[in-house]
1. Arrange the following residues from fewest to most other Cβ atoms within 10 Å of their Cβ: 175, 59, 153.
2. May I ask you to sort 132, 71, 60, 38 by Cβ crowding, counting other Cβ atoms within 10 Å and putting the fewest first?
3. Between residue 105 and residue 89, how many nm apart are label points set 7 Å from Cα along the C-beta direction?
4. How much length would be gained if the chain were fully extended between residue 33 and residue 165, taking 0.36 nm per residue of separation minus their Cα-Cα distance, in nm to one decimal?
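What follows draws every value from the coordinates through simple rules; no lab data is involved. It should be emphasised that the depicted structure is a prediction, and the values quoted were computed from it without experimental measurement. Counting neighbours? That spans all protein chains shown, and the Cβs are built from the backbone with ideal geometry, glycine included.
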Amino acid sequence: MNSFRANDRQRGVALVIALVFLLLLTILGVTAMSTTSLEEKMAGNVKDRNSAFQSAEITLAAGESWVANLLDKPSFPSQSAGLYLASSTDQPVWNIIDWASNVVIYPNNPYGSASGGLTQVYTQPKYIIEDLGEVREKSDSLNVATDYKGKGTTSIRVTARGTGFTDSAQVMLQTTYARPF
């Protein structure tokens, strides 16, 4: 009978050890799930930001293309069409304006609308075009074609703002270049 009581004590110790291992495995499982959930959110945010970057980039290219194909210099400012003069304050134009209005919504241009658009973004990307002023070219300048030398060159800045799958992912891109008119 003494040996029977010794086995009873061993079974109790085995139960405590099994419960400790079960507790450790539970903690390990919860930690793994927490880490996986965090990594999944991070991957989603990166994908969202990448989508916002791509929508801003395609919109920037559309604005640049519109300016490059103009025959005459557009009228600045024409805020309803997304055409602005450079800001005379310390704040740049893209910080001052209301991005909900007075901008060009992709795939439109300042003078008209076009069909299409991006389907995988929360809101359609937008852009503005700023006239930064005219810079006179010297007769020996290599910056512009010979046909335009001495006629002056207008510096233009295009600012595009794109969103991703959510409106919280926003990217702004800019390009500035000079072009004779």
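1. 175, 153, 59
2. Ranking 132, 71, 60, 38 by Cβ neighbours within 10 Å, fewest first, gives 71, 38, 132, 60.
3. Simple spin-label model gives 2.6 nm for this pair.
4. Extra length from residue 33 to residue 165 when fully extended: 45.0 nm.
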